[in-house]
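I have a structure I would like to understand better, so I am pasting it below and will then ask my questions one at a time.
The values are calculated or read from the model by the stated rules, or taken from the named source; none is laboratory data. The shown structure was predicted, so the numbers you read here are calculated from the model rather than taken from an experiment. Methodologically, a virtual Cβ is constructed for each residue, glycine included, from the backbone with ideal geometry; neighbour enumeration extends over all protein chains shown. All accessible areas refer to the heavy atoms of the entire protein, side chains included, with ligands and DNA or RNA removed. Shrake-Rupley method; radii C 1.70, N 1.55, O 1.52, S 1.80 Å.
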Amino acid sequence: MELSYMDLREQICDVCHKMWQLGWVAANDGNVSVKLEDGTFLATPTGISKSFITPEKLVHIDKTGAVLDALEGFRPSSEIKMHLRCYEEREDVGAVLHAHPPVATGYAVANKPLDEYSMIETVIAIGSIPVTPYGTPSTYEVPEAIAPYLGEHDVVLLQNHGALAVGSDVLTAYYRMETLELFAKISLNAHLLGGAVEIPRDKIEQLISMRGAYGVTGKHPGYKKYS
Ligand code: 13P
């Protein structure tokens, strides 16, 4: 269903509120952006708690990050270069979400990819999740670090930082972040119980071939290990 411009602004705020309610962000952490039909973007402003964000606070920017429309004093997220690089690399990407979900971010901080193919839903929905190299927030180091991974990943961990999910729309990107965090929790539990049992290679291929039937869109790796 095509959303009106105002409904889209509301939906972005709903997602921001959920990110805060779920404990994926503290203080001003996290940012969200969405691509509009005319190739411009709506983005969360820098320095605002995602719990208090309201539709009029979102900033309208062009593909260089220049502000087209914003309330006085509101500037786009300091991580907008990272967001814009996702859209540059991937024509199919319509929304980008960055957060610090605590268990997935634990893996990012420990520099451990979530690349065990041990849980069927995750194999189908997002595949393996790499840790992209360290980048200083707000600099071009971050887009440079993630770019090589965007060709075959919709979800990545940012080393020592957090997580990034892209999708055709904001709900798809949000659901991918949910899937990431749940898988991180499950993986940690499995680790406490002695380690996950991996799915046999031929069964993984079978699950991957079922993505179409489940309506899974985007770019997800096949069988790929990072460690
Ligand atoms: P912004 O408030 O500039 O979006 O930054 C939040 C953040 O999480 C930086 O990584």
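For the stretch 133-217, rounded, prolate or oblate, judged on the Cα gyration tensor with a ≥ b ≥ c (square roots of eigenvalues), a/c < 1.5 rounded, else prolate if a/b > b/c?
oblate
Using only Cα atoms, find the angle between the long axis of helix 141-150 and the longest principal axis of the chain, and express it within 0 to 90 degrees, rounded to the nearest 10.
The answer is roughly 50 degrees.
Return the carbon/sulfur percentage of the accessible area of the chain, one whole number, probe 1.4 Å, all protein chains in place.
In the chain, the share of accessible area belonging to carbon and sulfur is 54 percent.
Same structure, new question: Could you give the C-alpha radius of gyration of the chain expressed as a fraction of 2.2 N^0.38 Å, taking N as the number of residues it contains?
Against the compact-globule rule of thumb, the ratio is 0.99.
Provide the net charge surrounding Thr44, with neighbours chosen by a C-beta distance below 13 Å and charges set as Lys +1, Arg +1, Asp -1, Glu -1.
Net charge around Thr44: 0.
Separate question: Assuming R0 = 22 Å, what is the FRET efficiency of Asp62 and Ala147, from their Cβ-Cβ distance, to the nearest 0.05?
0.60
Heads up, I need the accessible area for Tyr226: 1.4 angstrom probe, whole protein in place, Å², nearest 10.
70
Additional query: Whole number in Å², please: accessible area per residue of the stretch 30-88, 1.4 Å probe, ligands, DNA and RNA not counted.
That works out to 44 Å² per residue.
Hey, another quick one. Between Asn28 and Asp202, what's the calculated FRET efficiency when r is the beta-carbon distance and R0 is 35 Å? Round to 0.05.
About 0.15, to the nearest 0.05.
Can you tell me the 0 to 90 degree angle between the C-alpha axis of helix 80-89 and the longest principal axis of the chain, rounded to 10?
Roughly 60 degrees between the two axes.
Compute the signed sum of charges (Lys and Arg +1, Asp and Glu -1) over the other residues within less than 13 Å, Cβ to Cβ, of Thr64.
+1
Here's another thing I want to ask about it. Sequence neighbours fewer than 8 away in the same chain don't count; with that in mind, list the lysines whose C-alpha is under 29 Å from Lys35.
Lys18, Lys50, Lys57, Lys63, Lys81, Lys219
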